[in-house]
1. Can you pull out every residue in the range 52-67 that is of a type outside the set (Val, Ile, Thr), over 20 Å from the mean Cα position of the chain (by Cα) and either crowded, with 22+ Cβ neighbours inside 10 Å or closer than 19 Å to residue 127 by Cβ (or both)?
2. Which of the residues belonging to the range 219-238 are in contact with a Leu (Cβ under 7 Å, 6 or more places away or on another chain) and in contact (Cβ under 8 Å) with a residue 60 or more places away in the chain?
3. List the number of the failed condition for residue 254; all other conditions in (1) in contact (Cβ under 8 Å) with a residue 60 or more places away in the chain; (2) over 30 Å from residue 48 (Cα atoms) hold.
4. Can you name the condition, by its number, that residue 87 falls short on among (1) surrounded by fewer than 22 Cβ atoms within 10 Å (Cβ to Cβ); (2) more than 28 Å from residue 317 (Cβ to Cβ); (3) at pLDDT 85 or above; (4) in contact with a helix residue (DSSP H, G or I) (Cβ under 9 Å, 6 or more places away or on another chain)?
5. Which condition breaks for residue 204 when tested against (1) crowded, with 22+ Cβ neighbours inside 10 Å; (2) over 16 Å from the mean Cα position of the chain (by Cα)?
6. Would you confirm, using the coordinates I've provided, whether residue 34 is polar (S, T, N, Q), modelled with pLDDT under 80 and within 24 Å of the chain's Cα centre (by Cα)?
7. With the requirement that a residue be buried (at least 16 other Cβ atoms within 10 Å of the Cβ) and farther than 30 Å from residue 248 by Cα, what does the range 313-331 give you?
8. Can you find, within the range 1-31, the residue that is modelled with the highest pLDDT among those that are aliphatic (A, V, I, L, M) and in contact with a helix residue (DSSP H, G or I) (Cβ under 7 Å, 6 or more places away or on another chain)?
Amino acid sequence: MSQLKSQQSLSWLLSNGTQFATADLPFIDYFMRQFPKGAGFAELHLPLAQFLVSQSTRNDVLQHATISIAALLASTDPEGQPEPTEACFCKYLQHKQAALQLLQQRIKALDINPYLSAAIAFLLMGEMGGPHSKVHMQGLKSVLKHLQSPNNPSTEEHFRFSDNNDSALIWLSLAVAIRLDITRALEGDGPPILDPLPINSEIENSQASWILRACENSSNKSKAAEWGSAIFTLRVLLHRTFHIATLAKRLRESSDCSPEQETTIQTLCSELQLELERWFQRPIIQQIVFEEMTKRPTRPDLPSFLYYDPLEIHNFGIQLIMNEYRTAILYNSLIAHPEIGPGPSGSIRFSTAVDLCRALLSLSSHTLWNRVAEGACLFQLFLCYLTFGGDDFYPLESREVLKMLAPLVSNGLALNPEEMFNGWRRKCPGLPPITAFSKMKQDDFGQHDST
């Protein structure tokens, strides 16, 4: 019955009697039916896309923002786009401009509601990497704080879920915002702007509740809630990793850094490591890991990382999520033990870096997911290179990472791999000083500096 209801709702939304202009319907269709199929979690993304579109029929700002992001996504998807790339991009700019004009009017009039937060979050997706992304993220933070505590936006209360669409929209906005804040940090645009969320049962229950609400017409809403909660929790943990790194850098570089402050850093890292281990032990994650380990490769030309077994990817979205987990593991380990190489005895730093490189090589052969993950790849390869440690530790693995990085850098940046890594060394968002960095051989890493 729920599946029939979902199909009827979808049919109604795409009929010509809606608030959408006829010329925009192909992009709404793409957003609800085409894009989620390739997103790796169709049981989650499809009902969320339908929920967002249904809500956009009630608000003009959100409607323009939804069409703009649909057109932007379509412009990067030659196989599924409803119109040629140039037309898709023009549609994106047209609706983005309309949404921004309306946003300015509503914010000036203090007419702030959950529709606006969702619109800003989705417009931000098109701004990442641009010169104004930081300003827009700060604006979204202010809007979320206002919605969280309208009488006193400066308070540090955390969101509590209420069983209504407004609350689900706020949580959806927050989920998108945290993901984009992580993207900023991964791409070297400074430390996170949003405050870290706590990890506790209240937040976990709220996550499941808002996803169930947004996916209420789905026949797989329980599976959607399980996946959504797992993804959101991991993003909260990765977001917290950058916050701990920023704090560690500030404390360690201060003139009065004390043993007590170092103990604080180690405690935060240990707590985060425990939370990451708990996340990995979730039944839904363990099931996926088992399935990936037991499936045999079917492609004879599968790329491999040196002499390690190749990794065939059956669900690209899941592998991207696992790469976020591996990134958090590596980064947290480097915060706790800020030195190059595989880390202290018993550390899983080396095996995690190998698995990350295997996954990145497999993902690189798939055009769509290579584009999606490209920004994060630079930072992930940087962490892997620090783990392999150059000639003093694992020279073959280190050189292979440089080879993997080269095409990513040459595609859009006027840098070579060594210059890129040295750039990360100087301005890496929140990464503490690497105490043994001078051990890196110049021939393999590039020109050293004294900063």
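1. 56, 62, 63, 64
2. 221, 224, 227, 228, 237
3. Of (1) in contact (Cβ under 8 Å) with a residue 60 or more places away in the chain; (2) over 30 Å from residue 48 (Cα atoms), only one is false for residue 254: (1).
4. Result: residue 87 passes all but (2).
5. (1)
6. Values: polar (S, T, N, Q): yes; modelled with pLDDT under 80: yes; within 24 Å of the chain's Cα centre (by Cα): yes.
It is true that residue 34 is polar (S, T, N, Q), modelled with pLDDT under 80 and within 24 Å of the chain's Cα centre (by Cα).
7. Of the residues in the range 313-331, the ones buried (at least 16 other Cβ atoms within 10 Å of the Cβ) are 313, 316-331.
313, 316, 317, 318, listed by residue number.
8. Applying the first criterion (aliphatic (A, V, I, L, M)) to the range 1-31 yields 1, 4, 10, 13-14, 21, 23, 25, 28.
Subsequent filtering for residues that are in contact with a helix residue (DSSP H, G or I) (Cβ under 7 Å, 6 or more places away or on another chain) retains 10, 13-14, 28.
Working: 10: 46, 13: 50, 14: 49, 28: 88.
Going through the qualifying residues, I end up with 28.
The values are calculated or read from the model by the stated rules, or taken from the named source; none is laboratory data. Here the structure is a predicted model, which is why all the values come from computation and not from measurement. All Cβ positions, even for glycine, are placed from backbone atoms using ideal geometry, and neighbour counts span all protein chains on display.
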